[in-house]
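Bear in mind that the values in this text are calculations on the coordinates, not laboratory data. Because the structure is predicted, anything quoted here is derived from the model rather than measured. Here the Cβ positions follow ideal geometry from the backbone for every residue, glycine too, while neighbour counts run over all protein chains shown.
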Amino acid sequence: MSTTSPRQQSRHLPAFVLLALARAPMHGGALQAALNRDLPSLKTDSAAVYRTLKTLEKEGEIAGDWDTSGAGPAIRVYRLTAAGWDRLDFWLADIRDRMANLAFFVEAHGKLKRPEA
């Protein structure tokens with residue numbers, strides 16, 4: 001029984017996008033490939049990645065520049081801004097808090113005894 005909606009799965013997508021771009025600037029397709037490789041259970045689609053990039057750019061957390069050096073069409077390469085680094089720090093604190101709460105749940109659940117039916 002799965003109760004996880006696609007929206008819930010992508011709650012931390014901005015955090016993972018910022019983390020990937022902190023490791024190296026890249027274009028949307030490369031970012032999608034990196035997320036699929038590093039986080040196969042995240043199950044992101046390209047539309048969600050591009051929506052996230054657009055939102056992060058609008059919020060000033062990433063900046064994109066057109067790369068016209070290749071033989072094909074120009075591609076937009078994204079990198080973190082100072083605001084993006086600050087947001088990445090926010091996500092780290094948020095995820096640490098969530099992990100502590102989840103660890104409590106797992107530990108408490110492990111101590112439960114199911115009543116006999």
**Request:** With springs only between Cα atoms under 10 Å apart, run a GNM on the chain and tell me which of ALA20, ALA83, ALA100 wobbles the most.
**Result:** ALA100
**Prompt:** Which residue fluctuates the most in the chain, going by a Gaussian network model with Cα springs under 10 Å, if the choices are THR81, THR52, THR68?
**Reply:** THR68
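What's the magnitude of the charge dipole for the chain around its Cα centre, counting Lys and Arg as +1 and Asp and Glu as -1 at the beta-carbon? Answer in Debye, nearest 20.
Values: 16 positive and 13 negative charges, 80 e Å.
Dipole about the Cα centre, nearest 20: 380 debye.
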**Prompt:** Label THR68 and MET99 with points 7 Å out from Cα along Cα→Cβ: what is the distance between them in nm?
**Reply:** 4.4
**Message:** Which one, ALA82, LEU53, GLY70, projects farthest toward the positive side of the charge dipole computed for the chain from Cβ point charges (K/R +1, D/E -1)?
**Reply:** LEU53
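What is the range 6-110's relative contact order, in percent, from Cα pairs under 8 angstrom and six or more apart in sequence? Provide the component values of the computation, followed by the final result.
Details: 101 pairs, mean separation 29.0, N = 105.
28 percent.
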**Fill in**
When the chain is treated as a Gaussian network with springs between alpha carbons less than 10 Å apart, the largest mean-square fluctuation among VAL106, VAL17, VAL77 is found at VAL106
**Request:** Rank the residues GLU57, GLU116 as a footprinting-exposure proxy: fewest other Cβ atoms within 10 Å of their Cβ go first.
**Result:** GLU116, GLU57
**Complete:** Sorted by chain and number, the residues with a modelled amide H under 5 Å from that of MET26, at a separation of 5 or more or across chains, are TYR78
**Prompt:** Which ordering of LEU13, LEU80 is given by a fewest-first count of other beta-carbon atoms within 10 Å?
**Reply:** LEU13, LEU80
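Quote the convex hull volume per residue of the range 12-117, based on C-alpha atoms, as a whole number of Å³. Kindly include the intermediate steps, with their values, before the conclusion.
Values: hull volume 14.3 nm³, N = 106.
Taking only Cα atoms, the range 12-117 has a hull volume of 135 Å³ per residue.
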**Prompt:** How much mean residue ellipticity at 222 nm does the chain get from its helices, if each DSSP H run of length 4 or more adds -39500 (n - 2.57) and you divide by all residues, to the nearest 500 deg cm²/dmol?
**Reply:** -18500 deg cm²/dmol
